[in-house]
1. Heads up, I need the accessible area for Lys373: 1.4 angstrom probe, whole protein in place, Å², nearest 10.
2. Going by accessible area, probe 1.4 Å, with all protein chains left in place, what is the ranking of Tyr386, Tyr188, Tyr90, largest first?
3. Stretch Leu276-Phe299 to full length: gain in nm at 0.36 nm per residue minus the Cα-Cα span?
4. To the nearest 10 square angstrom, what accessible area does Trp468 show with a 1.4 Å probe?
5. Karplus couplings for the range 80-95 from phi (6.51 cos²θ - 1.76 cosθ + 1.60, θ = phi - 60°), rounded to Hz, Gly and Pro as x?
6. Check Tyr386: other-chain or 5+ apart residues with amide H under 5 Å from its amide H, H built from backbone geometry?
7. Could you tell me how far the Cα centroid of the range 392-443 sits from the Cα centroid of the range 82-151, in Å?
8. Using just the C-alpha positions of the range 55-136 as equal point scatterers, what log10 of I(q)/I(0) does the Debye formula give at each q in 0.19, 0.23 1/Å?
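The values are calculated or read from the model by the stated rules, or taken from the named source; none is laboratory data. Bear in mind the structure is a predicted one, so any value in this text is a computation, not a measurement. Glycine gets a Cβ as well: all are built from the backbone with ideal geometry, and neighbour counts include every protein chain shown. Keep in mind that these areas ignore ligands, DNA and RNA; they rest on the heavy atoms of the full protein, side chains included. Shrake-Rupley method; radii C 1.70, N 1.55, O 1.52, S 1.80 Å.
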Amino acid sequence: MLLAPAFMILGWSLVFLSGLMVLPLLFSLLVSQMFVATSFFMSAIITVFLGGGLVFATRTDTASLGRRETFLTATLIWVIVPLFAALPLYLSDAIPSATNAYFEALSGFTTNGASIIENLDDQAPSVLLWRSLIQWVGGFTLIVFVSLLASAFNIPGNNPLTRAIAKSTRRRLSRRIRFAVLSILKIYALLTAICIVALWAVGMPAFDAICYAFSTISTGGFTTSDDTGAIFSSRSIEIVLMVFMVIGALNFSLHWSFFNGDRKAYFKDSEYRYLLMAIVLGSFAVFWLMMAETDMGIFDTIRYAIFNTVSAITTTGYNLPLVSSTGQYYWPVGALFLILFLITVGGSTGSTAGGIKLMRVFVLFKLSGAEIKRLSFPSGVFPLLYGGRRLSREQIMSAWTFFVIYCFALVVVTLLLAFNGLDFQSSLSLAVTNLANAGSAAQPLITDVQIGTENFISYNQLPNASKWILCITMLVGRLEFFAVLSLFNPALWRR
């Protein structure tokens, strides 16, 4: 295995991260918060020094990335970049614990959305901006690396990087990849800018519009206030957020095709139809359950059902305020499990959403249907089609293997959290939401659960061991297991 290319990309990633720190640094100076500005300045210096050192040390190596190097690079970036992204949070005393600061940064970079911070309203605006920026960058990084790993994962269908590379056939491969990444970044930034303008136009303050746009297009779920009811008080804001949550959960190859002239790209894609179908059916089921078991009016029930369903299937993790007139969190048991199921399913492949992904779920449904038919017609041949193309045996086995590993990981994480003193409801909810990178969705689902002698209020109250378990959980969930697990295969390290 060639380590130099992986360390070079890691170095450039850290240099880029240090450049991003300039934005909250300048904002801190603008609002006269010198201590916070100093924290970002020191963090940027440390990050660029170490990142630049890696680039300088590997500058003479021009080897390209193979499959093994890509796995290693993806894992290194998602483990080490959050370490440096946590520096401003730790040095500014926004999060005075090193464990908590890393948890917050990793949660942001994986677009998980689980937050350690309990007093968001007391935090410096630049800190809130930095959290949202981490999520935004993490969402884009995910799109690029999932596209690079798509062939290794045997994922059927198109991915955005392949389409963008195919357009620039006259360039060398390295320049074609660079062109493709920049092309996707332009679309990602354009969609973010549209979201910012839309949120600001419907009444959200400019600063909140920027932060929520970053968190929404990346399906991250970080908020800027403890009182989400004030942010989600406008129906127009909710509609804009739902639209862009869906956009973030769609395969970015569809966005790329649309902005490059194919206006019917969305309607040709099977996963797009599956996502809309899941939103419609999920909203109806949640609405019916809430009407049967809560005291809410019909219009509020429709509003809560649709918003929470969209937030769940896209793994964004936003939650509307209290759903009970008594002032307590209350989820009907059926609606609770349905929300957790939708979070587990997740959005589209090639998107910023987490979960198993709709493509894999429907491949498994089709496989189950074919096996049932084979019971009646043992000699029959039932080819599996996806998007009009026949699925290979490798693609079917990949989807099945991923599903088995995912279920096994859910069981393991639930048991590990239970061994740390959490009850079954807490352990299962935290395992499901964090493995699907929708950690912010856990809090309202388990608010009344006891941890020792206290109620669960935020992730800050979890034992440190549980936090590290969840860090590993969100990491392997974000990298879809194979990239991380392959590094423990001795054969990978042999030439």
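1. Around 110 Å² of this residue is reachable by solvent.
2. Tyr90, Tyr386, Tyr188
3. 6.2 nm
4. 110 Å²
5. Here the 3J(HN,Hα) series is 8, 4, x, 4, 7, 5, 7, 4, x, 5, 7, 5, 7, 6, 5, 9 Hz.
6. Residues meeting the criterion, in which the H sits 1.01 Å from N, are Leu391.
7. Value for the Cα centre distance between the two parts: 21 Å.
8. With no solvent term, the Cα-only Debye profile gives -0.80, -1.02.
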